[in-house]
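Reading through the structure tokens given below for one structure.
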Amino acid sequence: LSPKRLLEAFEAGETSGFLDYQRLFKGTPRWCQLEYHLARWEDTGEIYCYLFISDVDARKQREQQLRQWAEIDEQSGVFNRQAGLERIRAALAEDVRSGLSGGFIMCDLDDFKRINDTFGHAVGDAVITQVGCLLLRIFSGPDIVCRMGGDEFIAYCPGASREAMEEKARLLLDGIKEIRICRSASPLSLSAGLAMVPEQGTDFDILYPRADAMLYAAKKQGKGTYCFA
């Protein structure tokens, strides 16, 4: 907030305002709020600026926590449908503008209804939590993963190649086998469908059904596998 910007604001009729910013305090960033008021001294015509600085770190931390709670799926720990789709669409659009590749993957557990019917919904919820941990381990950095609902998850990997997406799919298929409901239960499995940007499309509304079709194809092949569009 430069003196020039303040003078321009005053000439445009702005006499007060707020600005939130971060500064280091003993090596730790803290949120502060700068409040400014502008006035012209009648006798000389000079413009004066009064500044007040407040520590608003606690409030900003609460706001960020509430925002995170609103965006994260409680059971799985990944983005919920609304927050995830917003981020995927934005990342996809940026890759398309930049001429970059990207990978889109959709997956769900095989026979999840049987798990709920046999062991109960509490066990089913615990499985979803562990699947969320697995997804966050595999899809990291710029990757965006969200829960669409039930046991269906989607992820978008900005800038990923086909080889990188295949590796992530293999890690997913192997990792799911490590999640056990109980000693007597069979290992879990999932199926996945993948589509690449720009080869299979550059718009979410095109990529989603194509990945969904590949997920269906993987199920028809006997489950526990993945298919590429």
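First measure r as the distance between the Cβ atoms of Phe25 and Ala90, then evaluate 1/(1 + (r/R0)^6) with R0 = 41 Å and state the FRET efficiency to the nearest 0.05.
On the way: r = 33 Å, r/R0 = 0.80.
Computed FRET efficiency for Phe25 and Ala90 comes out at 0.80.
For the range 54-114, rounded, prolate or oblate, judged on the Cα gyration tensor with a ≥ b ≥ c (square roots of eigenvalues), a/c < 1.5 rounded, else prolate if a/b > b/c? Don't skip to the answer; put the middle values down first.
Working: a/c = 4.34, a/b = 1.29, b/c = 3.37.
It is oblate, given that a/c is not under 1.5 and a/b is not larger than b/c.
When ranked by the protection proxy of mean other Cβ atoms within 10 Å per residue, highest first, what sequence do the peptides 23-35, 94-106 form? Could the numbers behind the result be given before it?
Values: 23-35: 11.8, 94-106: 18.2.
The densest-packed peptide leads the list: 94-106, 23-35.
Among 191-199, 221-229, 147-155, 5-13, how do they line up from the highest to the lowest mean number of other beta-carbon atoms within 10 Å? All intermediate terms of the calculation are to be shown ahead of the outcome.
Details: 191-199: 22.3, 221-229: 16.8, 147-155: 20.6, 5-13: 11.7.
Top to bottom by mean Cβ count within 10 Å: 191-199, 147-155, 221-229, 5-13.
Please identify, among Leu190, Leu215, Leu171, the residue showing maximal mean-square fluctuation in a Gaussian network model of the chain using a 10 angstrom Cα cutoff.
Leu171
Could you work out how far the C-alpha centroid of the range 6-74 sits from that of the range 77-114, in angstrom?
35
With springs only between Cα atoms under 10 Å apart, run a GNM on the chain and tell me which of Ile138, Ile47, Ile176 wobbles the most.
So, out of Ile138, Ile47, Ile176, the one fluctuating most is Ile47.
Counting alpha carbon pairs within less than 8 Å and at least 6 residues apart, what relative contact order, in whole percent, applies to the chain?
Numbers: 370 pairs, mean separation 39.4, N = 229.
Once divided by the residue count of the chain, the mean separation gives 17 percent.
Can you compute the modelled spin-label distance between Glu8 and Val56, with each label point 7 Å from Cα toward Cβ, in nm?
Result: 2.2 nm between the two label points.
Over the chain, with every protein chain in place, what whole percent of the accessible area is carbon and sulfur at 1.4 Å, could you tell me?
With neighbouring chains kept in place, the figure for the chain is 52 percent.
Please state, to two decimals, what the Cα-based radius of gyration of the range 107-229 comes to when divided by 2.2 N^0.38 Å (N = residues). Don't skip to the answer; put the middle values down first.
On the way: Rg = 14.3 Å, N = 123, 2.2 N^0.38 = 13.7 Å.
For the range 107-229, the normalised Cα radius of gyration is 1.04.
For the chain, what percent of Cα pairs sit more than 27 Å apart? Each step should come with its number before you reach the end.
Values: 13337 of 26106 pairs.
Roughly 51 percent, rounded to a whole number.
Can you give me the distance in nm between label points at Phe18 and Leu34, each placed 7 Å from the Cα along the Cα-to-Cβ direction?
Each label point is offset 7 Å from its Cα along the Cβ direction, giving 1.6 nm.
Per 0.36 nm of contour for each residue apart, how much would the distance between Cys49 and Ala126 grow if the chain were fully extended, relative to their Cα-Cα spacing?
Details: separation 77, 0.36 × 77 = 27.72 nm, distance 5.74 nm.
Once the chain is fully extended between Cys49 and Ala126, it gains 22.0 nm.
For a 30 Å ceiling on Cα separation, which of these pairs sit above it: Lys26/Lys60; Lys60/Lys113; Lys60/Lys168? Show your work: numbers first, answer last.
Details: Lys26/Lys60 19 Å; Lys60/Lys113 42 Å; Lys60/Lys168 36 Å.
Going by Cα-Cα distance, Lys60/Lys113; Lys60/Lys168 fall outside the 30 Å limit.
For the range 157-197, just the Cα set please: Rg and Dmax, both in angstrom.
My reading of the Cα-based Rg and Dmax gives 13.2, 42 Å.
Hey, rough spin-label estimate for Gln65 and Arg81, points 7 angstrom out along Cα→Cβ, what's it come to in nanometres?
My value for the distance between the label points is 2.9 nm.
The values are calculated or read from the model by the stated rules, or taken from the named source; none is laboratory data. Everything numeric in this text was worked out from a predicted model, so none of it was measured. Every residue, glycine among them, receives a Cβ derived from its backbone with ideal geometry; neighbour counts consider all protein chains shown. For accessibility, only protein heavy atoms count, side chains too; no ligands or nucleic acids. Shrake-Rupley method; radii C 1.70, N 1.55, O 1.52, S 1.80 Å.
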